[in-house]
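Worksheet: the structure to be examined is printed underneath.
Coordinate-derived values only; no laboratory data. Here the structure is a predicted model, which means the values were calculated and not measured. All Cβ positions, even for glycine, are placed from backbone atoms using ideal geometry, and neighbour counts span all protein chains on display.
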Amino acid sequence: MNKSIGIVGFGYWGKIIFRNLRQLGYSNITICETKEIEWVEVGEKHTQIYDYKELNCESVFVVVPVENHYKVCKHFLERGIDVFCEKPLDTNLENCLELYKIAEKHNCNLFVDWIFVYNPAVSQIKKLIQKFGKPISIIANRMNFGPVRNDVNARWDLASHDVSIACHLLEQVPQESKWLDFNRNKNSTQNDSSVGILTFSNTSVQINTSWHYGIKNRMYVFEFEDFFVHWDDNTNTILYRNEIVPTEEYSPLHMSIKTFLSKNDKQNNKKLTLNITSTLQH
């Protein structure tokens with residue numbers, strides 16, 4: 001595919017974005033990274049530039065530290081370039097609103113990568129909710145030993161996924177949210193753990209997250225009137241009445257990228273982003 005694409009930031013997630021774009025058939029890719037790229041590690045060589053302001057492309061993937069999202073996204077939106085931004089867009093709701101105004105003014109797409117919205121297990125759970133009604137409660141665990149981030153805390157990095165899942169499944173904004181951020185490790189530069197309680201109209205959601213936890217725990221529990229649904233994100237397994245529920249097999253990131261490039265979900269993605277940001281900012 002000849003569509004010109006830029007990637008700003010080529011760290012851990014930037015490389016994953018690049019590999020997924022290549023898998024989808026995109027080859028006209030320019031990478032902006034201040035450090036010299038080890039092309040042997042990447043597997044193939046592409047054009048590298050060092051200043052994002054010199055990047056010319058039709059669509060750009062912004063994968064830089066969160067504190068730089070606003071200025072980098074704003075630069076491209078003001079030039080009428082579609083922007084795919086790694087989550088969260090910003091930790092300040094006013095900055096998010098301003099970026100969407102700029103996108104609208106220049107008739108371009110601002111898309112935030114809420115990747116779990118495209119997870120096949122989440123899609124299957126949504127079908128169960130459509131069939132049986134909304135759960136009474138949800139308990140979400142997202143804990144592991146690393147990787148640690150220095151630009152945002154665990155609430156914005158980890159719990160943002162779970163807020164996106166809850167808002168997507170329940171199709172609501174929480175009426176109330178309460179957060180407790182704290183450190184398990186005294187040497188953490190950001191709060192490495194966060195617990196959130198979200199109150200929806202008929203559902204309570206408890207979110208437990210941490211970078212500093214002894215085992216990888218990605219277990220969800222959905223409590224309905226007379227049964228439970230368990231989802232283990234480690235194994236992508238859903239248990240309903242002790243039976244495994246089959247899920248489709250596809251790449252959530254492929255779906256997210258294709259949705260962005262096709263511009264099919266602009267308003268829903270914007271609404272979800274603003275709802276998540278306002279919930280996390282409380």
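Equivalent-ellipsoid semi-axes (√(5λ), Cα gyration tensor) for the chain, whole Å, largest first?
Those come to 32, 20, 20 Å.
Two-decimal Rg/Rh of the range 1-138 from alpha-carbon positions, Kirkwood Rh?
Taking Rh as the inverse mean 1/r over Cα pairs, Rg/Rh reads 1.04.
Among all the lysines, which ones have a C-alpha under 17 Å from Lys35's C-alpha, if same-chain residues fewer than 8 places away are not counted?
In chain and number order, the partners are Lys15, Lys45, Lys53.
On a full-extension model of 0.36 nm per residue, what is the gain between Met219 and Lys71, subtracting their alpha-carbon distance, rounded to one decimal in nm?
In short, 49.7 nm is gained.
Pairs Lys101/Lys270; Lys3/Lys271; Lys74/Lys266; Lys134/Lys270; Lys101/Lys266: which are spaced more than 21 Å apart, C-alpha to C-alpha?
From the list (Lys101/Lys270; Lys3/Lys271; Lys74/Lys266; Lys134/Lys270; Lys101/Lys266), the Cα-Cα distance tops 21 Å for Lys3/Lys271; Lys134/Lys270.
Explain nothing, just the number: dipole magnitude of the chain about its Cα centre with +1 on each Lys and Arg Cβ and -1 on each Asp and Glu Cβ, in debye rounded to the nearest 20.
The calculation lands at about 220 debye.
Compute for the range 226-267: radius of gyration divided by Kirkwood radius, i.e. Rg/Rh, restricted to C-alpha atoms, rounded to two decimals.
Across the range 226-267, the Cα-based Rg/Rh ratio is 1.17.
Any idea what Rg and Dmax come out to for the range 23-100 if you just take the C-alpha atoms, in Å?
In Å, with Rg to one decimal and Dmax whole: 13.7, 42.
How many nm is it between the label spots at Ile49 and Ser137, if each spot is 7 Å from the Cα in line with the beta carbon?
Computed distance between label sites Ile49 and Ser137 equals 5.3 nm.
How much of the calculated P(r) for the range 116-249 lies past 21 Å, in percent of all Cα pairs?
I get 40 percent for the Cα pairs in the range 116-249 exceeding 21 Å.
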